[in-house]
1. Checking residue 213 against (1) loosely packed, with under 13 Cβ neighbours inside 10 Å; (2) without any contact (Cβ under 8 Å) to a residue 12 or more places away in the chain; (3) assigned by TED's automatic domain parsing to the domain that holds residue 282, only one condition comes out false. Which one?
2. Quick one: is residue 145 closer than 20 Å to residue 42 by Cβ, assigned by TED's automatic domain parsing to the domain that holds residue 9 and modelled with pLDDT under 90?
3. Considering only segment 228-239, I want to know if a residue exists there that is at pLDDT 95 or above and either within 16 Å of ligand 1 (Cβ to nearest atom) or touching a strand residue (DSSP E or B) at 6+ places or on another chain (Cβ under 9 Å) (or both).
4. Name every residue in segment 178-210 that is without any contact (Cβ under 8 Å) to a residue 40 or more places away in the chain, surrounded by fewer than 17 Cβ atoms within 10 Å (Cβ to Cβ) and out of contact with any helix residue (DSSP H, G or I) (no Cβ under 7 Å at 6 or more places or on another chain), in order of residue number.
5. For residues that are within 16 Å of ligand 2 (Cβ to nearest atom) and surrounded by fewer than 23 Cβ atoms within 10 Å (Cβ to Cβ), tally how many sit in segment 235-246.
6. Taking only segment 308-323 into account, find how many residues are within 13 Å of ligand 1 (Cβ to nearest atom) and assigned to a helix (DSSP H, G or I).
7. If you check 373, 325, which single one turns out to be surrounded by fewer than 22 Cβ atoms within 10 Å (Cβ to Cβ) and modelled with pLDDT of 95 or more?
8. Given the conditions (1) in contact with a helix residue (DSSP H, G or I) (Cβ under 8 Å, 6 or more places away or on another chain); (2) without any contact (Cβ under 8 Å) to a residue 40 or more places away in the chain; (3) within 22 Å of residue 208 (Cβ to Cβ), and given that residue 329 satisfies all but one, which numbered condition is not satisfied?
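The values are calculated or read from the model by the stated rules, or taken from the named source; none is laboratory data. Quick caveat, the model's predicted, so the values are computed rather than measured. Here the Cβ positions follow ideal geometry from the backbone for every residue, glycine too, while neighbour counts run over all protein chains shown.
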Ligand SMILES: [Fe+2]
Ligand SMILES: [Fe+2]
């Protein structure tokens, strides 16, 4: 009797993290073989999947030298979770005398529940549930109580290699060397699987939507819209502005502990003012997160995210656009917003100066510390403003 793992995934695309996970599972649980079953149901319900043929071909390339990994060719790729039950039954018929172990990631637990609703899956398979964090482990433990000993939880370290990361790299025209099997990378480039027009914004849009509440995501959409409009007026890259806008608050709903972990893992030391201002942590952590976990390479975008709360001296026009877009997006309702919207269209620096004054005043009223970069930016804008007035006055004289 052999032990066979059945790994259900979208594999969009298959990457080294999958391979590492499967190898570890094989060793840890003594599996003789792992069948890869391609699904059309993703943990991200908005994910747009390329053709199953492309994903299957990439899986074949990635596993071609691994005897113990096999692609299971179901006649149809399944879109409905109930079909997993039928697929498992078919696999069981093929490997009648072997032990079957269905491998599911925590994010796809819905498979387990739907599968169980179709019949007693445990008659022919046990479940291996993969979790990537202590929170997932604790939550999974509660959820599987009703299944008794038929479900085994296996914890793995979360790797920063993900299909999303690979897709975002490809959409930027960057290599995924070290993250994907080189033949898979060649296949992607030859067939243009993740390089369609607008792919980068669509991926960033989904990344933001999957991590944020509806309210926060709506805000990001509106900031993206405002940023695009300002970029058009001030002749900056509209697509980049839209991307920075949609990503600028991507980690805003993470708790303080997680934000500090992202910052510290990167070796960044917070200054005393930064330590005492948790509201700016999401900007620092956001820039790190976008680079490390989403594979965003544009320093312009990363800096715009980094400085969207504090501003800084010598801000680029692009950074000013994202800062102001965040202040004047359609969801903002403060008293001076309409004035600031008009100002932003005619004079970006004046709009920035105007908002910095408001922001500094509010911080003072609340006895909050002010980041030195904010003061530097304010001083520079004041200086430039006075200089400009003087020049204009000289001209009039
Ligand atoms: Fe923010
Ligand atoms: Fe924001």
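1. (2)
2. Details: closer than 20 Å to residue 42 by Cβ: no; assigned by TED's automatic domain parsing to the domain that holds residue 9: yes; modelled with pLDDT under 90: yes.
No.
3. Restricting attention to segment 228-239, the residues satisfying the condition of being at pLDDT 95 or above are 228-239.
Next, from what is left, pick out any that are either within 16 Å of ligand 1 (Cβ to nearest atom) or touching a strand residue (DSSP E or B) at 6+ places or on another chain (Cβ under 9 Å) (or both): none.
No, because not a single residue in segment 228-239 is at pLDDT 95 or above and either within 16 Å of ligand 1 (Cβ to nearest atom) or touching a strand residue (DSSP E or B) at 6+ places or on another chain (Cβ under 9 Å) (or both).
4. 182, 186, 189, 190, 192, 196, 197, 198 - these are the residues of segment 178-210 that are without any contact (Cβ under 8 Å) to a residue 40 or more places away in the chain, surrounded by fewer than 17 Cβ atoms within 10 Å (Cβ to Cβ) and out of contact with any helix residue (DSSP H, G or I) (no Cβ under 7 Å at 6 or more places or on another chain).
5. Residues of segment 235-246 that are within 16 Å of ligand 2 (Cβ to nearest atom), as a first pass: 241-246.
With the extra rule that they be surrounded by fewer than 23 Cβ atoms within 10 Å (Cβ to Cβ), the set shrinks to none.
Of the residues in segment 235-246, 0 are within 16 Å of ligand 2 (Cβ to nearest atom) and surrounded by fewer than 23 Cβ atoms within 10 Å (Cβ to Cβ).
6. Taking segment 308-323 as the starting set, the residues that turn out to be within 13 Å of ligand 1 (Cβ to nearest atom) are 308-311, 322-323.
Pick out the ones that are also assigned to a helix (DSSP H, G or I) and you get 322-323.
Total meeting the criteria: 2.
7. On the way: 325 fails: surrounded by fewer than 22 Cβ atoms within 10 Å (Cβ to Cβ).
Answer to the check: 373.
8. (2)
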